[in-house]
1. Ranked highest first by average number of other Cβ atoms within 10 Å, how do 66-72, 146-152 line up?
2. In whole angstrom, note down how far apart the Cα centers of the stretch 133-162 and the stretch 48-111 are.
3. Per residue, what accessible area does the stretch 71-158 have, given a 1.4 Å probe and all protein chains present, in Å²?
4. Using the structure shown, list the pairs from LYS101/LYS152; LYS125/LYS157; LYS112/LYS157; LYS82/LYS112; LYS82/LYS125; LYS82/LYS123 with a Cα-Cα distance above 24 Å, or answer none.
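The values are calculated or read from the model by the stated rules, or taken from the named source; none is laboratory data. From a predicted model like this one, the values you see are computed outputs, not experimental measurements. Every residue, glycine as well, gets a Cβ built from its backbone with ideal geometry; the counts of neighbours run over all protein chains shown. Note: areas computed on protein heavy atoms with side chains; ligands, DNA, RNA excluded. Shrake-Rupley method; radii C 1.70, N 1.55, O 1.52, S 1.80 Å.
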Amino acid sequence: LGKAPMELNAECWKQPSGCFALCSGSEYYASNARFRKVSSATYMNEKNSRHHVVISIPVLLVGGTERQTLTLASVLLSVGYKVTVCCYYESDASMISAMEKTGAEVQFLELKRSDGLFSLLEKLKTLWKDMQPDIVHVQYIAPGLIPIIAAKLAGIKTVLATVHQPGRIYGWKEKFLL
């Protein structure tokens, strides 16, 4: 097919077989098969419709990280990803409702912090082996290392982590670790 230009104003074309191409021309031919023009939203939704992202977060209370997670879930859903938000510990009913209104599935582990980190590791590993998401996005580094290890043990190839830090000037230790 060759490479189509990835421009902001590129047009999206869909072949009857389901293959997509992005191009800036008015028509696009490949192997004598004509593509039909589709909207960029249709392209994104169909292109990503099979990808499943799990956003793991220790708590779903009402705070900055939860609001950022809500925004992230909304954006991923708007372009066609399946999104599951996995909460290990406490939650707030209003945040759960807001998450579910976006279309995200909310999964609760219903753990107590006193259950320990090994219990968290085992539950996440089992859940993700069954779920088999394409991507696990971990919120918080502490206890973020446990979900990262669980994802790797479950065979998840793509794992992302967001580091949240208090709004202060970083010292040499933080700069070194980040």
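1. Working: 66-72: 17.4, 146-152: 21.1.
Averaged packing, sorted descending, gives the order 146-152, 66-72.
2. Cα centres, the stretch 133-162 to the stretch 48-111: 15 Å.
3. Working: 4480 Å² over 88 residues.
Ligands and nucleic acids excluded, the result is 51 Å² per residue.
4. Numbers: LYS101/LYS152 30 Å; LYS125/LYS157 13 Å; LYS112/LYS157 28 Å; LYS82/LYS112 27 Å; LYS82/LYS125 19 Å; LYS82/LYS123 21 Å.
Violating the 24 Å Cα-Cα cut-off are LYS101/LYS152; LYS112/LYS157; LYS82/LYS112.
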